[in-house]
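The values are calculated or read from the model by the stated rules, or taken from the named source; none is laboratory data. Model, not experiment: these values are computed from the prediction. Using ideal geometry, Cβ is built from the backbone for each residue, glycine included, and neighbour counts are taken over all protein chains shown. Side chains included, ligands, DNA and RNA excluded: accessible areas come from the protein's heavy atoms. Shrake-Rupley method; radii C 1.70, N 1.55, O 1.52, S 1.80 Å.
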Amino acid sequence: MHISLILLHLAGAVMLLLVAVHMVRTGMERAHGAPLRRLLGRARRGRLPAAAGGTVMAVLLQSSTAVAILACGFAASGALPVSTGIALLLGADLGSAIVVRVLSFDLGWLIPVCFLAGGLLFLKTRAQTTRETGRMVLGIGFVLMSLQLIATATGPLRDGGMLPTIARYLAEDYLTAFLLGAVFTWLIHSSVASVLMLATFASQGLMPLEAAVPMVLGANLGGGLIAYWLSRGMPVEASRLPVANLLFRAVGSVLALALFETATLPMEWLGADAGAGLVNLHLLFNAALVALSLPFVGLMERLLTQLMPTATVKPADEDPLRRRISALDRAVIGTPRLALASATRELLRMGELVEVMVRPVMDLFNGGDRVEIVRVQGVDEDVNQAHSDIKLYLAEVNRGEMTSEEARRSIELTDFAINLEHAGDIVAKNLLPLAEERAQKHWRFSDEGWVELQDLHQQLLENMHLALNVLVSQDLPSARQLVVEKERMRELARASHDRHLKRLQTGTPESIETSGMHLEVARGLKEINSLLATVAYPILKRSGDLLESRLAQPSHS
């Protein structure tokens, strides 16, 4: 077979592997994203539980990078301490290595099972969660198939001269092999795919262990680079997590590389063949990295706090750079297309102000004082002002000549501004007075009830981010997902209501004491979520995906 055709087959097999890994991760996130995020949010009870939680999440998502990005979001909001977040990422690295170990087994018999089961779930069911589970199962089947295709495509290369020559060079220059593994893993954004491919090469006899081991160690460094690269631009509280993980990986992989080059490691103990030994070495490295790094997580947090200090800013009224400049540009009122873009930007700011009010609600219920509550209530004045400014601006724009599409968009923006203003009122006039009442009367929720309210609050924050993204992007899949998450929020609220009533029947003192308050808080969080979800309805109506207030099932994949 001609070398160009062999390389084409190999490139296609590698691309199928990358797409398959992405399918599994996407299916898991869409089908079970909210429970996974709640699991991550609860991983704050210590370093060992956090590391264990990170391992479980990485196995389910088949990606330590996905866990890292989720953890960064929690860290940015202050919900995840830095040391706990670092431990969680170390556990995620181990979970990713476990995924490689499982997928490297001879599971050829599982391919048709995955295709049959996944295809039936994806094509023949209507429930969104079941369809996405089918997508995930199909992805696993494609992962296993791609590994077989890589083995088949690389078979003829053993008789050629090019790959053995490159492999011999890398075996003699371990530093180049190490850096090549890191760069390649970063380029394809998947350490799972990178290590699986290297293991396949080694099992086919195309790459000696002298070259493969440094490349696998480099892949571990590259895996840390992925999360670091994707988190750039995030708040410093979030960026510390991938930086710490990258430093631990860098030190660990360099020390392991030095050990490999200076000592004779009994690779034959790690597996029956070179590929299995390579995968087991990868797993052993990540397990050792977790065990050896956890005791130094606190030291790493203090080091990064010094190297990456939180920026201190002046209050908005003292710092000219913080003074708000309205996005409502009166110079473009005569051009509706530009004016509507300005109104969208201002509406996004209004949504961010509502988020500023919603985010500390549970902290204020937990231990907020009068001063803090009043400060958050004061933000509602800014929300009301933004609402008034947007409505007056759009009313003036509507006096000019507009296309039917522009007029429709103007109405949608006005409606969402009204809903955001209502959401701010729910926080300022319903939830925060309840928080003040709880503090004055020294009431406390039951442990179970408090966890339920925290879950509702966390789900609301996640949906708020999604709603604001939909506002700007007008993306149909995101709009569909927002309505799905609205239904999930409704189910959480209903389940909390039912469990609360059961606690009342059993006579739990805290539940009796805070019964009305628990139900009011749950209702308020659900109402805010429903108001946010309205941003998706116009998009879904135009596409025909929203029928009689129900989300229609897509006919496409």
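Take Arg490 and tell me if it is outside any helix (DSSP H, G or I), open to solvent by 60 Å² or more (accessible area, probe 1.4 Å) and either over 25 Å from Leu328 (Cα atoms) or among the hydrophobic types (A, V, I, L, M, F, W, C) (or both). So Arg490 fails the test. Take Ile69 and decide whether it is within 20 Å of Glu462 (Cα to Cα), open to solvent by 10 Å² or more (accessible area, probe 1.4 Å), touching a helix residue (DSSP H, G or I) at 6+ places or on another chain (Cβ under 9 Å) and not basic (Lys, Arg). In short, yes. Within the range 442-459, is there a residue that is at negative phi, assigned to a loop (DSSP other than H, G, I, E, B) and among the basic types (Lys, Arg)? Within the range 442-459 (the criterion being at negative phi, assigned to a loop (DSSP other than H, G, I, E, B) and among the basic types (Lys, Arg)), the answer is yes, since at least one residue qualifies. Considering each residue of the range 232-241 in turn, none proves to be among the β-branched types (Val, Ile, Thr), out of contact with any strand residue (DSSP E or B) (no Cβ under 8 Å at 6 or more places or on another chain) and open to solvent by less than 20 Å² (accessible area, probe 1.4 Å). For the range 226-277, the candidate set comprises residues that are more than 26 Å from Leu303 (Cα to Cα) and not in a helix (DSSP H, G or I); within that set, the residue that is modelled with the highest pLDDT is Asp273. Just to be sure, is Arg375 of a type in the set (Lys, Arg) and over 22 Å from Leu525 (Cβ atoms)? No.
Within the range 433-482, the residues that satisfy the criterion of being in contact with a Lys or Arg (Cβ under 9 Å, 6 or more places away or on another chain) and among the acidic types (Asp, Glu) are Glu436, Glu448, Glu452, Asp455, Glu462.
Among the residues that make up the range 374-388, is at least one of them assigned to a helix (DSSP H, G or I), among the β-branched types (Val, Ile, Thr) and closer than 24 Å to Gln474 by Cα? Within the range 374-388, one or more residues are assigned to a helix (DSSP H, G or I), among the β-branched types (Val, Ile, Thr) and closer than 24 Å to Gln474 by Cα. Scanning the range 447-465 for residues that are crowded, with 22+ Cβ neighbours inside 10 Å and more than 13 Å from Leu525 (Cα to Cα) yields a single hit, Gly449. When the range 324-377 is filtered for residues that are within 26 Å of the chain's Cα centre (by Cα) and either farther than 24 Å from Val451 by Cα or without any contact (Cβ under 8 Å) to a residue 40 or more places away in the chain (or both), the ones remaining, listed by number, are Thr344, Arg345, Leu347, Leu348, Arg349, Met350, Gly351, Glu352, Leu353, Val356, Pro360, Asp363.
Please tell me if Val143 is at pLDDT 85 or above and in a helix (DSSP H, G or I). No.
Go through the residues of the range 285-292 one by one and say whether even a single one is in contact with a helix residue (DSSP H, G or I) (Cβ under 8 Å, 6 or more places away or on another chain), crowded, with 16+ Cβ neighbours inside 10 Å, of a type outside the set (Val, Ile, Thr) and under 24 Å from Phe201 (Cα atoms). Yes: one or more hits. Being more than 30 Å from Arg30 (Cα to Cα), at pLDDT below 90 and open to solvent by less than 60 Å² (accessible area, probe 1.4 Å) holds for only one residue in Ala435, Ala428, and it is Ala435. Met207 meets each of the listed conditions (1) modelled with pLDDT under 85; (2) surrounded by fewer than 24 Cβ atoms within 10 Å (Cβ to Cβ); (3) under 20 Å from Ala272 (Cβ atoms); (4) over 32 Å from the mean Cα position of the chain (by Cα) apart from (2).
Quick check on the range 19-28. Is at least one of its residues open to solvent by 40 Å² or more (accessible area, probe 1.4 Å), assigned to a helix (DSSP H, G or I), modelled with pLDDT under 80 and over 18 Å from Gly85 (Cα atoms)? The answer is yes; a qualifying residue exists.
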